Amino acid sequence: MTAPDSTVSTVKVLFVCLGNICRSPSAEGMFRKYVVDAGLESRFEIDSAGTLDYHAGERADRRSEHAAQRRGIDISKHRARQIEPLDFERYDYILAMDKSNLANLERLCPAAHRHKLALMMSFAPTFGDEVPDPYYGDSAAFENVLDMLEKACRNFLTHIVEKQLLSSLKA
Ligand code: 4NP
């Protein structure tokens, strides 16, 4: 077994939506799956949070759990939590599912960390600018969330890998 290279720092990613029971746990689970499939698990810390505390402690919405499961993604261990001040220091990338989440994060985030905030769909802009809230929607709304997240998660991982590769070439 190869020992992890302690000189290589991890990339810390936080996905954020409103309730942390539908979109952001799905993004977390999907991104983690791509990272694991790429053999890069030791290089990432991945989590999700909501701007609301209303669902704190709950597991993901069953409709999200089932939709994710149909794509081979297990989010059954997820427990919702609200974003907290330390998250802005801790994470390198804080990706909001929609513009309202982003506006809330911008209000809460210290100026020194605001460059970490972005819209999730900024990594796949041809597929839309926001991941729509599926909570009051039908099963197609949950499938649409996953379709959008697939594009954005793939591109986001490629973006990070290319960026890390470039910086290692410059080092
Ligand atoms: P999420 O979906 O932000 O994707 O987790 C929602 C979950 C709960 C509510 C709204 C959106 N809610 O109003 O309780």
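FYI, it's all coordinate maths here, none of it is from the lab. Keep in mind that this is a model prediction, so the values were computed, not measured. Because the Cβ atoms are built from the backbone with ideal geometry, glycine has one as well, and the counts that use them run over all protein chains shown.
When you check Ala27 against the structure, is it within 11 Å of the ligand (Cβ to nearest atom), within 22 Å of Glu150 (Cβ to Cβ) and touching a residue at least 40 places away in the same chain (Cβ under 8 Å), yes or no?
When the stated conditions are applied, Ala27 passes them.
Being more than 27 Å from Glu106 (Cα to Cα) and surrounded by 15 or more Cβ atoms within 10 Å (Cβ to Cβ) is the filter here; which residues of segment 44-86 pass it?
Arg63, Glu65, Ala67, Ala68, Arg71, Ile73, Ile75
Give the residues of segment 86-102 that are in contact (Cβ under 8 Å) with a residue 24 or more places away in the chain and farther than 9 Å from Leu117 by Cβ, sorted by residue number.
Asp87, Glu89, Arg90, Tyr91, Asp92, Met97, Asp98, Lys99, Ser100, Asn101
So, in segment 56-78, how many residues would count as being within 11 Å of the ligand (Cβ to nearest atom) and in contact with a strand residue (DSSP E or B) (Cβ under 9 Å, 6 or more places away or on another chain)?
1
Per-residue answers, yes or no, for (1) within 25 Å of Leu40 (Cα to Cα); (2) within 13 Å of the chain's Cα centre (by Cα); (3) of a type in the set (Asp, Glu):
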residue	(1), (2), (3)
Ala103	no, no, no
Glu106	no, no, yes
Pro132	no, no, no
Tyr135	no, no, no
Met148	yes, yes, no
Val161	yes, no, no
